[in-house]
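Participant: I'd like to ask some things about the structure below.
The values are calculated or read from the model by the stated rules, or taken from the named source; none is laboratory data. Please read all numbers here as calculations on a predicted model, not as lab measurements. Using ideal geometry, Cβ is built from the backbone for each residue, glycine included, and neighbour counts are taken over all protein chains shown. Calculation scope for accessible area: heavy atoms of the full protein, side chains included, ligands and nucleic acids excluded. Shrake-Rupley method; radii C 1.70, N 1.55, O 1.52, S 1.80 Å.
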Amino acid sequence: MTLLSNRSTSAKIALSVILLVLMLAAPLFLSEFRLGLLGKFLAYAILAMGLDLIWGYAGILSLGHGVYFGLGAYCMAMHLKLAASSDGLPDFMSWSGVEKLPAFWVPFQSPAAALLLALLVPIAVAFILGYLTFRNRIRGSFFSILSQALVIITVTLFVGQQGYTGGTNGLTNFDTFLSLPLAEHSTKLGLYYVTVALVGATSLLSLWLASSRLGKILVAIRDAENRVRFIGYNPVAYKVFIYCVSAGLAGLAGIMFVLQEGIISPAQMGIVPSIEMVLWVAIGGRATIFGALIGAVITNAAKTMFSEAYPEWWPIILGGMFIIVTLFLPKGIVGTLKDAAERYGWSPAKASSVLKTSPPPLAIRELDKNQ
């Protein structure tokens with residue numbers, strides 16, 4: 001068992017090193033356009049890992065994470081738009097008859113404030129929604145429906161306030177960030193490496209949370225919330241906390257997305273993008289962290305490849321890929337590979353591991369054992 005455990009740890013380290021080397025070496029063999037796409041996909045991966053924390057480990061299926069992603073992106077874009085405005089007033093406001101910069105735009109004149117608010121605003125919204133719903137024991141499909149209602153409300157608000165948000169066009173036409181021209185290759189390369197660093201930091205944070213006592217409690221809540229409550233834990237506090245962490249990571253992904261993509265609009269935080277985000281995790285593998293990362297990159301790369309090669313058929317091809325994964329790889333890519341490794345003796349079959357779906361009594365025993 002010790003040998004198998006060492007083998008498993010070595011495999012995880014090897015996978016981490018391979019992924020890191022590939023990401024760092026990508027600028028050497030990708031064009032500027034393809035590198036920009038990869039940077040965008042890695043920003044999505046940050047969101048996917050945060051989504052995996054709440055869905056894979058805590059059992060919270062959010063179909064509204066596009067809102068948190070969009071809020072983070074908009075906060076960053078508001079600063080970029082102000083920096084690109086010669087008279088201090090964004091062009092779309094002038095077109096809409098707004099003569100003075102609205103008070104809620106003023107803090108975004110500072111890049112530090114914009115970065116901070118891009119994290120805090122999604123966290124605040126997630127805290128309000130999470131606390132009100134989890135306190136009232138709303139979960140499962142009911143919570144998923146409420147999260148989609150949040151998407152509809154937010155998108156409608158952003159589209160309707162043309163003079164303050166840019167309406168359906170969103171925010172675009174950015175020039176600089178921290179006095180660095182965003183169109184320059186060196187700036188794009190720097191932003192890509194920052195994204196890689198944030199992906200690494202996010203994966204380490206997610207793995208640490210998942211393997212800690214908090215991770216065990218989240219899995220126990222996922223499998224038997226009432227039993228967790230009966231032995232003295234407060235599931236509401238844990239669920240709200242991890243939901244806010246996930247929302248903050250989505251906001252961070254939004255920051256890096258808008259810096260590299262150069263645009264954010266209400267369409268990018270709608271219902272369809274929010275559902276696609278869940279598919280990234282499902283395809284990569286729930287409760288695997290690396291699976292969420294790989295799923296986000298592979299799914300979006302396939303989407304780009306199919307749309308370029310088969311512009312008329314790519315939605316059908318992509319839909320077929322989702323169906324095949326759902327039917328034949330229900331645990332996702334990484335989950336299926338882990339099962340195969342255990343079956344052939346390449347890694348230990350840890351029946352007591354909280355990272356796997358375990359029966360409720362086992363999850364509770366994991367908590368009792370550490371009390």
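Participant: Under a point-charge model restricted to the Cβ atoms of Lys and Arg (+1) and Asp and Glu (-1), what is the dipole moment magnitude of the stretch 115-260 relative to its Cα centre, in debye to the nearest 20?
Facilitator: On the way: 10 positive and 4 negative charges, 166 e Å.
Computed charge dipole of the stretch 115-260: roughly 800 debye.
Participant: How big is the dipole moment of the chain about its Cα centre under a simple scheme where the beta carbon of each Lys and Arg is +1, that of each Asp and Glu is -1, and everything else is neutral? Debye, nearest 20, please. List each step's numbers first, then the result.
Facilitator: Working: 25 positive and 17 negative charges, 336 e Å.
Computed charge dipole of the chain: roughly 1620 debye.
Participant: I'd like the carbon and sulfur percentage of the solvent accessible area for the stretch 21-101, probe radius 1.4 Å, heavy atoms only, ligands and nucleic acids excluded.
Facilitator: Details: 1730 of 2770 Å².
Here carbon and sulfur together make up 62 percent of the probe-accessible area.
Participant: Moving to a separate point now. Taking a ≥ b ≥ c as the square roots of the eigenvalues of the Cα gyration tensor of the stretch 221-310, is the shape rounded (a/c under 1.5), prolate (a/b larger than b/c) or oblate? Can you show the working numbers first?
Facilitator: Values: a/c = 2.94, a/b = 1.88, b/c = 1.56.
Prolate is the answer for the stretch 221-310, as a/c is 1.5 or above and a/b outweighs b/c.
Participant: Please calculate how many Å² of accessible area the chain carries per residue, with a 1.4 Å probe and no DNA, RNA or ligand atoms counted. Please list the in-between numbers first.
Facilitator: Details: 17440 Å² over 371 residues.
So the chain comes to 47 Å² accessible per residue, rounded to a whole number.
Participant: Beta carbons within 10 angstrom, averaged per residue: use that to sort the peptides 86-97, 109-120, highest first. All intermediate terms of the calculation are to be shown ahead of the outcome.
Facilitator: On the way: 86-97: 13.7, 109-120: 16.8.
Per-residue mean Cβ counts within 10 Å order the peptides as 109-120, 86-97.
Participant: Exceeding 26 Å between C-alpha atoms, which entries from my cross-link table qualify? They are K303/K331; K188/K239; K81/K239; K40/K81; K100/K188. Display every interim value, and only then the final one.
Facilitator: Values: K303/K331 21 Å; K188/K239 37 Å; K81/K239 35 Å; K40/K81 20 Å; K100/K188 33 Å.
As for pairs spanning more than 26 Å Cα to Cα, those are K188/K239; K81/K239; K100/K188.
Participant: Specify whether the C-alpha gyration tensor of the stretch 89-159 places it in the rounded, prolate or oblate class, a ≥ b ≥ c being the square roots of the eigenvalues: rounded for a/c under 1.5, otherwise prolate if a/b is larger than b/c and oblate if not.
Facilitator: Numbers: a/c = 3.90, a/b = 1.91, b/c = 2.04.
Cα axes put the stretch 89-159 in the oblate bin.
Participant: Just tell me which aspartates and glutamates come within less than 15 Å, Cα to Cα, of K216; anything on the same chain fewer than 8 places away is out.
Facilitator: Excluding near neighbours in sequence, the set is D52, E225, E366, D368.
Participant: Here's another thing I want to ask about it. Set the Förster distance to 45 Å, then compute FRET efficiency between A340 and A113 from the Cβ-Cβ distance, nearest 0.05. Walk me through the numbers on the way to the answer.
Facilitator: Values: r = 49 Å, r/R0 = 1.08.
According to the calculation, E is roughly 0.40.
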